[in-house]
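These notes concern the structure reproduced below.
The values are calculated or read from the model by the stated rules, or taken from the named source; none is laboratory data. Remember, it's a predicted structure, so these values are computed and weren't measured experimentally. FYI the Cβ positions are ideal-geometry reconstructions off the backbone, even for glycines, and counts take in every protein chain you see.
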Amino acid sequence: MPTVLRSTVDVVRSDLRPFLWLNAGAFGILLVGMLLGLLFPDLVAAQAAGFEESGQTDLVLRVFGNPWLFALTILAVNTLTVGAALIVLPSMVVPFLGLPLFAWKALTIGIALTPTTPTLRVAFIPHSLTVLIEFEAYVLLLLGAWVLGRAWLRPASVGASTRREAYGIGVRRLGRLVLAALLLLVVGALWEAWSLTRLVPWLVHTLL
């Protein structure tokens, strides 16, 4: 653990400005999505219908009763469909491709998370921490995509003489951030599963 954290801090410190810009961009787009959801409730309804048609709603309902299984499902979805499929793997094929792909995903997440009812507003109290943890994990992956893309296009930025060498250095730095992001996604999945199955029902019963 200390080694992972130290490696992550070293990468973030060396690229602090891109890290801060990526944070601002990720959370800013998320907030734009939520604002769109408030202004256009039909977008939220369309998102919900899309989840139901794709089977995601049924999947959540099947595993919701078991917090551990729910957490594992959340972790798998966040890691594979967002972290790997949208950010890491595309960026290993085309420089920086994961950044615009995640930007669109962040917008749709913001729309889906729009608290349009009193129950959803109460649920968002603990769920805001989930969003913070998981999005910070995604930002680490975005930073890894940025570092890899820059190294790939400008080998001299990582002290390499060839693109192949630079690509290898970029992948190694991306790997350090992937480990840290995975730890955050584990924490986020555990908190999300526990808060939604245990804390949110109590808050709704208490506050509404």
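The table that follows gives values for the structure above.
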item: Residue in segment 1-46 that is farthest from residue 150 (Cα to Cα), counting only those that are modelled with pLDDT of 90 or more and small (Gly, Ala, Ser); result: 37
item: Conditions (1) on the phi < 0 side of the Ramachandran plot; (2) not in a helix (DSSP H, G or I): number failed by residue 96; result: (1)
item: Only listed residue being at negative phi, of a type in the set (Phe, Trp, Tyr), at pLDDT 95 or above and assigned to a helix (DSSP H, G or I), chosen from 202, 146, 152; result: 146
item: Matching residues, segment 12-60, being of a type outside the set (A, V, I, L, M, F, W, C), free of Cβ contacts under 8 Å to residues at least 12 places away in the same chain and outside any helix (DSSP H, G or I); result: 55
item: Tabulated pairs, segment 156-177, first touching a residue at least 24 places away in the same chain (Cβ under 8 Å), second basic (Lys, Arg), C-beta under 6 angstrom, 6+ apart or interchain; result: none
item: Filtered residue count, segment 156-165, keeping only those that are over 16 Å from residue 14 (Cα atoms) and part of a helix (DSSP H, G or I); result: 3
item: Only listed residue being of a type in the set (Lys, Arg), farther than 24 Å from residue 197 by Cα and in contact with an Asp or Glu (Cβ under 9 Å, 6 or more places away or on another chain), chosen from 163, 150; result: 150
item: Residue check for residue 101: in contact (Cβ under 8 Å) with a residue 40 or more places away in the chain and part of a helix (DSSP H, G or I); result: no
item: Any hit, segment 84-95, residues being closer than 15 Å to residue 109 by Cβ, surrounded by 13 or more Cβ atoms within 10 Å (Cβ to Cβ) and not β-branched (Val, Ile, Thr); result: yes
item: Residue that is nearest to residue 150 (Cα to Cα), among those in segment 189-208 that are of a type in the set (Gly, Ala, Ser) and touching a Leu at 6+ places or on another chain (Cβ under 8 Å); result: 189
